[in-house]
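Worksheet: one structure, shown below.
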Amino acid sequence: MNKTTEQDVSNPVEDAFVADAALAPAFFAWLCRMGDNALILGHRVSEWCGHAPALEEDIAMANTALDLIGHTQMWLGLAGEVEDKGRDADALAYLRDALQFRNLLLCELPNGDMGLTLMRQFLFDARHHLMLEWLTRSASPRVAEIAAKAVKEASYHLERSSDLVVRLGDGTEESHRRMQAAVEQLWPYVDEMFVTDAVDDAMAAAEIAPRPCDLRKEWDETVRSVFAEATLDVPGAVGFAQTGGNLGRHTEHLGYILAEMQFLQRAYPGASW
Amino acid sequence: MSRKEWPLWEVFIRGQHGLNHRHVGSLHAPDAEMAIHHARDVYTRRKEGVSIWVVKSNDITASSPSEKGPLFDPAETKAYRHPTFFDIPDEVGHM
Amino acid sequence: MYAQMVKSEGMKSRDEMSPEELAFQDRIDRGEKIEPKEWMPEGYRKTLIRQIGQHAHSEIVGQLPEGNWITRAPTLERKAILLAKVQDEAGHGLYLYSAAETLGVSRDDLMEKLHSGAMKYSSIFNYPTLNWADMGAVGWLVDGAAIMNQVPLQRTSYGPYSRAMIRICKEESFHQRQGYAIMMKMAAGTPAQKEMAQDALNRFWYPSLMMFGPSDAESVHSAQSMAWKIKINTNDELRQKFVDQTVPQAHYLGLSIPDENLRWNEEKGGYDFSEPDWSEFFEVIKGNGPCNRERLGARVKAWDDGEWFREGLYAHAEKAAHRRMAATTAAE
C-alpha cells in the first residue's frame, strides 16, 4: 500500500495549484485539516486494538484506523509539498505542537464506551463521506486523486457506523440508553464540522473544496434518517457550540495524544526508525 | 454471563479470477448482513475476494462420514470418465 | 509453543486399543486427515480443544504487548505496519477459535475459561514491552519461535486445525520479517537506538526459549500427542533449531546473545546454550509473571465492557427477524 503511495508521489499528476504561492497558506492549512482529522481520529480508533467487545469488531476497527492512517499519509504528504519547506507527512504529524494542529475537536475526544466511539465515528463519517465525494470532482487533480482513493473507504466506514448506530439504538434498553447518551455528549461538537472560514472560502473560490457549511443540509438529512431508524432523538440546537480546532484551539485531550504519539520523535531527534 | 452467543457463519469467497466461491473459514455475527460485513473485514484484508457468501453453520447439511464408502468409492471404478483412459495415436494430434 | 505443556490424555499401546481406536490410529499413521464429525477418541478431542484453545488465547492476549506501542509508533508507516500485524493476531485467534468450535465447544465458553484462569495462554505475553525495539524483538524472536512450531503443524492430523495453520502461516510470513527490519534499523541507528535493541534482545532471549516449554523427552503427554500428530516435534528439537537459526541473525545485527555459555558445537552441528530459568517459567505459568494480572485483566475488561454491545446487536437481529416474519405473514 505504501509502495503505491510512494510511486504516486514520485510521479504525480500535473497540478498547478500545488506550486501556487499565493494560494499556498490557505491550501496548506486546508490540507492539514484533512490530514489531522484522519490522523487524530485514526489514533483514537487504534486505541481499541486488542480491547474491542468481539474479535470481529476488533478487526473491523483496526481496518478503519488503518484506512485513516493511509489518508493521513496522503493529505499530509501533499500538505508538505504545498508548504515547500522540506517537511514530509511524518514531520508534520510528529513535529508540530497542538497549536498547529487543525483537526476537529470531535476527533480528539476520548473513546468512552463503544457507543460513544461509534457515534463519534458516525457523525464524522457522515460529513467525511460528503466531503470526499465532493472532492473527487475537485479542480485540483491531486486532491481529486486522493479523494478518489479515500472515498471508497469512507463510504464503507459510513455504511458500517450507520448500520451499528441503527442496531444499537434499536437493540436493548441499555444499548439504546447508551447511544442516546452518546448523541447528547457529542452534539455540542457537531457545529464545528460546518464552520466555514477564510481558508474554506479561498478553497471554494479556487473550486478545490466545498464550503463546509454547504454540506450541512445533506448531513442533517443523513443523520435524521439514521436516527429515526435507530429510534434516537435528534437533539435541538446547541446553545454554545464547541469550536476552535480549525484554528489550533483544542481540548485538553489533544496535548496528551501528541505527548504519546510524538514521544519517540521528540526524545530522539533526527533518529531514523 | 451472557448465554446469547452470536451464531456461527461459514464464509465463502470468490476471488479475482472468476473461480467458484470457496470456503475460507467461519466467524460469529448477530445476523446475515453483519456476517457479510465481518467477512469483508476478517477474510478480505489482503484483497482475497470480489464476492462473499455467508451461510449459517447450522443450516449446512453435510454428508455423513459413515457413508463415505458408499458415497465416494463407486467413482473409483469408473476410470473411463477420465481422458487418460483412452489411447489416441500421436498421429491424430492434440485432442 | 503458543500452546505450552498441553496435557494429553494417557498414551495407549496397540494391545490396549479398541478396534475403533486402532482404526483411528491407522488412519493417522497413513497421513489421513481427521474431520469434525468423524469418530475420534475422546482423549484426542479433549487434547485438541485444550491445545487449539490455548493457541487461540495466546493470539488474542498476544495482541496486548504489541498493542501497547501502536499509539507511540515513531512514523506513520511503522504505525500502520504494527497495527496491521496486531490485527492479524486477532484474525489468527478467530481462525483458531473456529477450528476449536468444530470439536463441539463454543467460543464464548473458551473465552470464559480463559477469563477464569481455567485455560492458559503462552507465558511469553506476560513480559512487558518497554521500548520501541521490543516491537522488533517480538516480531523477530517471538514470532520466529512461533513459526518454528506452526510450520510443521500445517501437517497436523486434524483437518480444521491444519487448515487454520496453513492460513496463519501464509499471513505470518511478514510478521517476523517486519520485526527483523525494525531490529536492523535500531541496531544501525544512534547509540541510544542500539542500546534499546540490545536491551530488547537481553530481555526477550530467555522468555523466547521458554516458549518451547520444558524438555519433554520423557513426557507421556508429548508421546501421545505425537502419535496423534497434533504435536510434530519435541520441545528440545524446536528450541535447538530456533537457537541455531537466531544466533547468526543476532550476529548480523551486531548484537550479542545474553549467554556466556553459547558455543558452536561442531560435533552436533548446533549451538550449546544455557537453559532458561525454569523456576521463573513455572511462576509465570502460575500467574506470577511481570504482566499476568494486567494482560488477563485487560481481556476480562474488554469482554465485560462489551457485553451490552454484543447483547444489543443480538437483540436487534432478533427483533428484525421477527419484524420480517410478521411482514411476510401479513402479506400472505
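Readers should treat all values here as calculations from the given coordinates under stated rules, not as data from a laboratory. Please read all numbers here as calculations on a predicted model, not as lab measurements. Note that each Cβ is placed from the backbone with ideal geometry, even for glycine, and that neighbours are counted across all protein chains shown.
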(message) Just to confirm my numbers, what's the Cα centroid distance between the stretch C:254-332 and the stretch C:182-222 in Å?
(response) 20
(message) Quick check: pseudo-label points 7 Å beyond the Cα along Cα→Cβ at C:ALA327 and B:ILE88, how many nm apart are they?
(response) 5.5
(message) Among A:VAL45, A:ALA205, A:LEU99, which residue has its Cα furthest toward the positive end of the charge dipole of chain A, with +1 on Lys/Arg Cβ and -1 on Asp/Glu Cβ?
(response) A:LEU99
(message) Which of the three applies to chain C, rounded, prolate or oblate, going by the alpha-carbon gyration tensor with a ≥ b ≥ c and a/c under 1.5 meaning rounded?
(response) oblate
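To the nearest 20 debye, what is the magnitude of the charge dipole of the stretch B:1-59 about its Cα centre, counting +1 on the Cβ of each Lys and Arg and -1 on the Cβ of each Asp and Glu?
Dipole of the stretch B:1-59, to the nearest 20 debye: 200 debye.
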(message) Name the residue from C:ILE257, C:GLY104, C:THR71 whose Cα lies farthest towards the positive end of the charge dipole of chain C, charges +1 on Cβ of Lys and Arg and -1 on Cβ of Asp and Glu.
(response) C:THR71
(message) Rounded to the nearest 20 debye, what is the charge dipole size of the stretch A:17-267 about its Cα centre when +1 sits on each Lys and Arg Cβ and -1 on each Asp and Glu Cβ?
(response) 400
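Where a ≥ b ≥ c are the square roots of the eigenvalues of the C-alpha gyration tensor, would you call the stretch A:17-267 rounded, which needs a/c under 1.5, or, failing that, prolate if a/b is larger than b/c, or oblate?
Working: a/c = 1.73, a/b = 1.40, b/c = 1.24.
In terms of gyration-tensor shape, prolate.
In the stretch B:13-95, what trypsin sites (Lys or Arg not before Pro) fall in a loop by DSSP, with at most 15 other Cβ atoms inside 10 Å?
Values: sites: B:ARG14, B:ARG22, B:ARG40, B:ARG45, B:ARG46, B:LYS47, B:LYS56, B:LYS68, B:LYS78, B:ARG81; in loops: B:ARG45, B:ARG46, B:LYS47, B:LYS78.
Hits after loop and neighbour filter: B:ARG46, B:LYS47, B:LYS78.
Order by neighbour count: C:THR328, A:THR117, fewest other Cβ atoms within 10 Å first, most last. Don't skip to the end; give the middle numbers.
On the way: C:THR328 9, A:THR117 22.
Starting with the residue having the fewest Cβ neighbours, the order is C:THR328, A:THR117.
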(message) What distance in nm separates the two pseudo spin-label positions at B:ASP73 and C:ASP305, each 7 Å out from Cα along the beta-carbon direction?
(response) 5.8
(message) Tell me the mean residue ellipticity at 222 nm calculated for chain C from its helices only (DSSP H runs of n ≥ 4, each -39500 (n - 2.57), averaged over every residue, nearest 500).
(response) -20500 deg cm²/dmol
(request) Taking only Cα atoms and a 10 Å spring cutoff, compute GNM fluctuations for chain C and point out the largest among C:ARG78, C:ARG263, C:ARG155. (result) C:ARG263
(request) Would you work out the charge dipole size for the protein assembly as shown about its Cα centre, treating the Cβ of every Lys and Arg as +1 and the Cβ of every Asp and Glu as -1, and quote it to the nearest 20 debye? (result) 320
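For C:35-43, what's the mean count of beta carbons from other chains sitting within 10 Å of each residue's beta carbon? It would help to have the intermediate numbers written out before the result.
Values: counts 3, 2, 5, 4, 2, 0, 0, 0, 0.
Across C:35-43, the average partner-chain Cβ count within 10 Å equals 2.
Over the stretch A:17-267, what is the relative contact order in whole percent, taking alpha-carbon pairs under 8 Å and six or more residues apart? The partial results should precede the final answer.
On the way: 357 pairs, mean separation 61.3, N = 251.
Rounded, it is 24 percent for the stretch A:17-267.
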(request) Whole Å is fine, so just give me how far the alpha carbon centre of the stretch A:233-273 lies from that of the stretch C:1-59. (result) 54
(request) In nm, give the distance between the simple-model label positions of C:VAL220 and A:GLU14, each being 7 Å from the Cα along the Cα-to-Cβ direction. (result) 8.2
(message) Under the rule a/c < 1.5 gives rounded, and otherwise a/b versus b/c splits prolate from oblate, where does chain B land using the Cα gyration tensor?
(response) oblate
(request) For the protein assembly as shown, report the translational diffusion coefficient in µm²/s to the nearest whole number, using Stokes-Einstein at 4 °C, 1.567 mPa s, and a Kirkwood Rh over Cα pairs. (result) 46
